[in-house]
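The block underneath contains the structure these notes are about, expressed in structure tokens.
The values are calculated or read from the model by the stated rules, or taken from the named source; none is laboratory data. The structure presented is a predicted model; accordingly, all values stated were derived computationally and were not measured. Counting neighbours? That spans all protein chains shown, and the Cβs are built from the backbone with ideal geometry, glycine included. For accessibility, only protein heavy atoms count, side chains too; no ligands or nucleic acids. Shrake-Rupley method; radii C 1.70, N 1.55, O 1.52, S 1.80 Å.
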Amino acid sequence: MLRKNYLILILSLSPFFAQSQDPELSKIYMEQADQVYAEAKDAIEIAKEIYVQAVEADTNNVRANFMAGRLYLETVNRDYSTKYFERVKRLNPRYKFNIDYLLGRGYQYGLEFEKALKYFQAYKKRLLANKGYRGGDRTGLSIVNERISECLNGMEIIDMPTLYTIENVGESINSAWPDYAPVLNEDETVMIFTSRRQQDNTNENVDSDNFYFEDIFISKRKGVTWDDAKNIGTNINTLYHDSNLYLTRDGKTLYIYSDEGRGDIFYSTENENEEWSKPRPIEGRINSEGFSEQSVCISADGEFMLFASNRPGGFGGFDIYGCYKENGKWMRPFNMGPVINTKYDEDGPYLANDGITLYFSSKGQKGFGGFDVFKTVYNDKDQKWGKPENLGYPVNTVDDEVYFHPSKDGKRGYLASVREEGQGFTDIYMVKYTGNLGQTARSRIVKLQEKENNYVTDEDLKTKQLIDSVLSIAAYQVYFDVNSSMVDQEYEAKLKDMSTFLKGNTNLGVQISAFSSADGNARYNLELSNKRAQAVLQFFVEQGVEEDRLAARGFGVLSGTDDKSRRAEVKILNLADL
């Protein structure tokens with residue numbers, strides 16, 4: 001009811017707001033926003049909307065700008081906070097002691113790491129010069145140093161060739177409320193996930209944070225589309241929080257998180273009537289007394305389990321543990337060691353079907369900040385796990401990415417994340433592996449000035465020169481309109497010619513490198529360039545070129561005139577050379 005009433009208020013006042021600066025109207029908005037924030041502090045999405053209205057009514061209202069920026073930083077689209085914090089700093093640079101730190105966080109979320117570093121370092125200098133300051137707007141030195149390290153990591157990781165793209169799984173699964181923790185059976189025909197949506201929730205009331213209680217939902221796939229998700233039922237869901245952890249590969253056993261014992265692993269089985277049993281605790285020595293277990297995965301052969309726990313004896317926070325099965329029983333768990341675990345939290349382990357590739361999320365490995373997804377491979381010869389590898393952008397962002405679930409063939413994966421194009425809050429996304437060609441993308445992109453006179457021409461495409469001649473072509477250019485990722489019709493004929501040529505020469509592949517102009521922040525430009533790369537890749541797929549012969553990556557901003565920057569470069573490669 002709170003959300004509905006205040007949204008009506010916003011709509012009723014908004015007609016006044018397209019006018020010029022109105023400090024009195026801004027005060028009205030501030031009073032209403034403060035009331036929302038005081039009555040239900042965790043319902044900050046509503047308060048944020050009203051604080052933004054207060055800013056629009058009077059852009060010189062320092063407190064309105066600060067509160068709008070602060071609440072953006074605490075919800076979704078966190079990089080939007082910089083617009084408001086920059087205005088605060090300009091209007092009153094001493095309004096908050098840590099305003100530079102807050103600006104750094106906003107730019108960090110926008111993947112603008114150089115700008116973020118500038119502000120973090122400015123704040124650190126101020127902090128060191130005022131060592132005696134203990135105000136509520138002080139952020140400690142250790143936290144600032146962590147942020148600086150994350151930005152340095154981010155500058156390195158963002159420049160790595162990515163092997164993945166990411167797309168929203170759609171409205172049949174995602175809602176306007178938080179949706180997360182997707183688990184699937186082996187053939188990807190069943191998805192079970194946790195949601196805090198209103199529709200079909202077991203409890204009609206909201207929790208203290210103004211979100212509905214967690215319930216477990218299920219969806220089944222028919223062809224390429226997912227059925228509308230539905231509540232999995234009251235045998236599993238209660239009136240309070242219920243969330244899933246893992247679905248066995250046959251789709252018949254679901255592991256869930258229980259609040260018992262401060263957090264234990266339970267499981268439920270499905271019968272032939274598609275009914276799920278009442279959950280019961282997992283057998284063996286997995287659940288600990290007085291500590292939490294909050295994720296689980298079982299190997300393809302059913303003989304090895306991984307889970308996360310904050311039990312004593314770890315390296316810090318939540319660690320990942322392993323456990324073998326003997327004579328049908330789970331034996332004593334053991335810590336997976338310091339290559340995987342750090343002094344911070346690790347969570348969401350998933351052992352791939354090959355039995356040697358482990359995906360997990362970590363706050364302590366080399367990442368952007370928050371939880372990032374990593375991959376490590378076990379070396380049988382050395383009997384050691386390899387150095388964890390960050391999956392990079394766009395899989396990982398500065399927000400939390402956790403509970404990554406790869407497909408059987410390793411070409412896809414599923415995870416939950418907060419993205420600008422989402423339905424709202426946390427959504428579930430499908431990650432697509434774009435092929436080994438992507439590993440060489442960085443080394444094969446020649447600097448612009450080195451290939452100005454070596455683009456593919458209309459004549460090259462019409463005559464279909466010998467392979468050696470085609471391979472000498474640097475790239476064919478596909479240009480895009482502002483903020484667009486649609487391939488214009490003027491390029492379709494040439495791309496069809498290239499597709500025909502590729503279908504006749506199966507030893508060739510295509511590398512697509514896309515760019516954007518500097519119209520948005522770094523995150524927006526990277527996302528747009530990735531969409532452009534994928535649009536060209538999808539065109540080739542629709543023409544019958546196998547996807548495993550294609551690699552596509554967006555590189556964000558390319559310097560130059562805007563019309564020349566908004567493009568994708570299509571390069572034909574000899575697969576034998578890779």
Inset, instruction - Quickly run through segment 469-481 and pick out the residues that are surrounded by fewer than 17 Cβ atoms within 10 Å (Cβ to Cβ) and either at pLDDT below 90 or in contact with a strand residue (DSSP E or B) (Cβ under 6 Å, 6 or more places away or on another chain) (or both). - result: Ser469, Leu471, Ser472, Gln477, Tyr479
Legend entry - Among (1) assigned to a helix (DSSP H, G or I); (2) open to solvent by 80 Å² or more (accessible area, probe 1.4 Å); (3) at pLDDT 85 or above, the one test that Val36 misses: (2)
Inset, instruction - Answer yes or no: is there a residue in segment 126-148 that is on the phi > 0 side of the Ramachandran plot and either free of Cβ contacts under 8 Å to residues at least 60 places away in the same chain or in contact with a His (Cβ under 9 Å, 6 or more places away or on another chain) (or both). - result: no
Inset, instruction - Please identify the pairs in which a residue from segment 351-373 that is farther than 14 Å from Val395 by Cβ has its Cβ atom under 7 Å from the Cβ atom of a residue that is open to solvent by less than 10 Å² (accessible area, probe 1.4 Å) and not in a strand (DSSP E or B), counting only partners at least 6 apart or on another chain. - result: Gly369/Gln108; Gly369/Val398
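Conditions (1) of a type outside the set (Lys, Arg); (2) over 19 Å from Asn396 (Cβ atoms); (3) out of contact with any helix residue (DSSP H, G or I) (no Cβ under 6 Å at 6 or more places or on another chain); (4) free of Cβ contacts under 8 Å to residues at least 60 places away in the same chain, marked per residue:
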{"residue": "Tyr84", "(1), (2), (3), (4)": "yes, yes, no, yes"}
{"residue": "Arg90", "(1), (2), (3), (4)": "no, yes, yes, yes"}
{"residue": "Pro93", "(1), (2), (3), (4)": "yes, yes, yes, yes"}
{"residue": "Ile99", "(1), (2), (3), (4)": "yes, yes, no, yes"}
{"residue": "Met160", "(1), (2), (3), (4)": "yes, no, yes, no"}
Inset, instruction - Pull up segment 51-83, narrow it to residues that are among the hydroxyl-bearing types (Ser, Thr, Tyr), within 24 Å of Ala176 (Cβ to Cβ) and not in a loop (DSSP other than H, G, I, E, B), then point me to the one that is farthest from the chain's Cα centre (by Cα). - result: Tyr51
Legend entry - Tabulated pairs, segment 549-578, first under 17 Å from Arg523 (Cα atoms), second open to solvent by 60 Å² or more (accessible area, probe 1.4 Å) and at pLDDT 75 or above, C-beta under 6 angstrom, 6+ apart or interchain: Val557/Ala518
Legend entry - Residues within segment 489-543 that are farther than 21 Å from Ile158 by Cβ, touching a residue at least 60 places away in the same chain (Cβ under 8 Å) and open to solvent by less than 20 Å² (accessible area, probe 1.4 Å), tallied: 6
Inset, instruction - List the number of the failed condition for Asp301; all other conditions in (1) charged (D, E, K, R); (2) farther than 19 Å from Arg249 by Cα; (3) over 21 Å from the mean Cα position of the chain (by Cα); (4) open to solvent by 60 Å² or more (accessible area, probe 1.4 Å) hold. - result: (2)
Inset, instruction - Name the single residue, out of those in segment 312-335 being within 13 Å of Glu346 (Cα to Cα) and part of a loop (DSSP other than H, G, I, E, B), that is most open to solvent (accessible area, probe 1.4 Å). - result: Phe315
Inset, instruction - Only residues in segment 221-234 that are in contact (Cβ under 8 Å) with a residue 40 or more places away in the chain count as the first member; pair them with residues that are of a type in the set (Ser, Thr, Tyr), Cβ under 6 angstrom, at least 6 apart or cross-chain, and list the lot. - result: Trp226/Ser172; Trp226/Ser219; Asp227/Ser219; Asp228/Ser172; Ala229/Ser219
Inset, instruction - Among the candidates Tyr267, Tyr257, single out the residue that is in contact (Cβ under 8 Å) with a residue 12 or more places away in the chain, in contact with a Leu (Cβ under 7 Å, 6 or more places away or on another chain) and open to solvent by 40 Å² or more (accessible area, probe 1.4 Å). - result: Tyr257
Legend entry - Number of positions in segment 494-546 that are part of a helix (DSSP H, G or I), over 16 Å from Phe480 (Cα atoms) and out of contact with any Ser or Thr (no Cβ under 8 Å at 6 or more places or on another chain): 11
Legend entry - Residue tally, condition in a loop (DSSP other than H, G, I, E, B), within 20 Å of Gly302 (Cβ to Cβ) and of a type outside the set (Asp, Glu), over segment 336-387: 5
Legend entry - Matching entry among Glu156, Glu74, Glu86, Glu167 (being open to solvent by 20 Å² or more (accessible area, probe 1.4 Å), modelled with pLDDT under 95 and under 21 Å from Val55 (Cα atoms)): Glu74
